[in-house]
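**Q** Okay, here's the structure, questions in a sec.
The values are calculated or read from the model by the stated rules, or taken from the named source; none is laboratory data. If you're wondering where the values come from, they're calculated on a predicted model, not measured in any experiment. Cβ placement follows ideal geometry from the backbone for every residue including glycine, while neighbour counts extend to all protein chains displayed. Surface accessibility is based on the protein's heavy atoms, side chains included, excluding ligands, DNA and RNA. Shrake-Rupley method; radii C 1.70, N 1.55, O 1.52, S 1.80 Å.
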Amino acid sequence: SMQCFPSLVLALSSLLGALALLQLSLYLWVPSRYGKHEERLSRPRGRLPARCAWFLQELPSFLVPALLLALRSPPRLEPLGCRLLCCLFCWHYFYRTFIYPFFTRGRPFPLQLLFFGTLFCIYNGFLQGYYLIYCAEYPSDWCTDIRFTAGLLLFLLGMGINIHSDLLLRQLRKPGEITYKIPQGGLFTYVSGANYFGEIVEWFGFAIATWSLPAFAFAFFTLCCIGPRAYHHHRYYLRTFTDYPKSRKALIPFVF
Ligand code: NDX
């Protein structure tokens, strides 16, 4: 049966950090080619409807940690913190897998990115789940620790912002439409990447609540992955809409 190998956690976390830096160097100047940054009709084949693509891609991030949690024998009942934190992770990916894709009005998603996205979700789902289920140790009163409570609060706040912003984006289109409009309302009043801002806050909250290397590596990866993308969205809006709100920032309200 499985057990904790701390060196495996260290190796996988370091590789995740390295992937984050690779990601940053690849996509800081040129955006990753999906959504509004994919050249129109350039590759009519090699895409999957957004609904299937997001479902398939995100599923492992839910399934892998959920299975690790369910199948661990003997079941890990102590400490409470580990299961709670693993459930938080699964909860986000339950939303991302079973709710978000079924409402999306996004354009078809490139198969090649879908492939790498799926690999990434397997990798990260395993790392976070394995660490929390087999390795993490918390004092029995972790649930009242300031790191847990403050982190949890940030996680919930970020998730709220992320879900709300994704909803506002979806409402910009009627079913079947693929045009882009200026997002309005919620945190979009202040930033072009409100959904990304929420997601980044969420995973840094998770990292603080778990106080673990894998979770900080994932928060850093998220920042490197969708931080630059928020900036590219911002640039896209500025060159596409002459009436784009001048005071709006790219990612962080009032700052950047
Ligand atoms: N999926 C995380 N890297 C990513 C898929 C891409 O969950 O090779 C990371 C995630 C993957 C990436 C994933 C990992 C790294 C990959 C990358 C591809 C290359 C890269 C594999 C897995 C890679 C290395 C080299 C390291 C291997 O038509 P449309 O789609 O544009 O429509 C959009 C619509 N919309 C608008 N509609 C009308 N008017 C407007 N102005 C509109 N603006 C947007 O709204 C969409 O339907 C929808 C949202 O669009 P957008 O562009 O704002 O968000 P999107 O990027 O699609 O993300 C959707 C959500 C969002 O909440 C975000 O926070 C979350 O997913 N997300 C996304 C990416 C990664 C991630 C979270 C994370 O790292 N935690």
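**Q** Could you tell me which of the residues 1, 25 is of a type in the set (Ser, Thr, Tyr) and either farther than 28 Å from residue 132 by Cβ or surrounded by 12 or more Cβ atoms within 10 Å (Cβ to Cβ) (or both)?
**A** 25
**Q** State the number of residues belonging to segment 183-221 that are among the polar types (S, T, N, Q), open to solvent by less than 10 Å² (accessible area, probe 1.4 Å) and assigned to a helix (DSSP H, G or I). Show your work before the answer.
**A** Filtering segment 183-221 for residues among the polar types (S, T, N, Q) gives 184, 189, 192, 195, 210, 212.
Narrowing further to those that are open to solvent by less than 10 Å² (accessible area, probe 1.4 Å): 192, 210, 212.
After this cut, where a residue has to be assigned to a helix (DSSP H, G or I) as well, the list is 210.
Number satisfying all stated conditions: 1.
**Q** Quick check on this structure: which one of 108, 79, 74 is in contact with a Leu (Cβ under 9 Å, 6 or more places away or on another chain) and either more than 11 Å from the ligand (Cβ to nearest atom) or within 22 Å of residue 180 (Cβ to Cβ) (or both)?
**A** Details: 79 fails: in contact with a Leu (Cβ under 9 Å, 6 or more places away or on another chain); 74 fails: in contact with a Leu (Cβ under 9 Å, 6 or more places away or on another chain).
So the residue among 108, 79, 74 that is in contact with a Leu (Cβ under 9 Å, 6 or more places away or on another chain) and either more than 11 Å from the ligand (Cβ to nearest atom) or within 22 Å of residue 180 (Cβ to Cβ) (or both) is 108.
**Q** Also, I was wondering about something else. Taking the residues in segment 6-21 that are surrounded by fewer than 14 Cβ atoms within 10 Å (Cβ to Cβ) and in contact (Cβ under 8 Å) with a residue 60 or more places away in the chain as candidates, determine which candidate is nearest to residue 69 (Cα to Cα).
**A** Selected residue: 6.
**Q** List pairs: first residue in segment 160-182 and within 8 Å of the ligand (Cβ to nearest atom), second residue assigned to a helix (DSSP H, G or I) and of a type in the set (A, V, I, L, M, F, W, C) anywhere in the structure, Cβ distance under 7 angstrom, at least six positions apart or on different chains.
**A** As it stands, the answer is 165/187; 165/188; 165/194; 170/103, since those pairs meet every condition given.
**Q** For the structure I just gave you, tell me whether residue 235 is away from the ligand (no atom under 11 Å from the Cβ), more than 23 Å from residue 92 (Cα to Cα) and open to solvent by less than 20 Å² (accessible area, probe 1.4 Å). Break it down stepwise before answering.
**A** Details: away from the ligand (no atom under 11 Å from the Cβ): yes; more than 23 Å from residue 92 (Cα to Cα): yes; open to solvent by less than 20 Å² (accessible area, probe 1.4 Å): no.
Criteria not met by residue 235.
**Q** Any idea how many residues of segment 183-211 are away from the ligand (no atom under 11 Å from the Cβ) and of a type in the set (Val, Ile, Thr)?
**A** 4
**Q** Is one or more of the residues making up segment 45-52 buried (at least 18 other Cβ atoms within 10 Å of the Cβ) and in contact (Cβ under 8 Å) with a residue 60 or more places away in the chain?
**A** yes
**Q** Which of the residues that make up segment 119-146 are of a type in the set (S, T, N, Q), over 23 Å from the mean Cα position of the chain (by Cα) and part of a helix (DSSP H, G or I)?
**A** Filtering segment 119-146 for residues of a type in the set (S, T, N, Q) gives 124, 128, 140, 144.
Pick out the ones that are also over 23 Å from the mean Cα position of the chain (by Cα) and you get 140, 144.
Once the filter is applied, which keeps residues that are of a type in the set (S, T, N, Q), over 23 Å from the mean Cα position of the chain (by Cα) and part of a helix (DSSP H, G or I), segment 119-146 yields only 144.
**Q** Condition first: of a type in the set (D, E, K, R) and assigned to a helix (DSSP H, G or I). Now tell me which residues in segment 153-182 satisfy that.
**A** Quick first cut of segment 153-182, residues of a type in the set (D, E, K, R) only: 166, 170, 173-174, 177, 181.
Listed by number, the residues that qualify are 166, 170.
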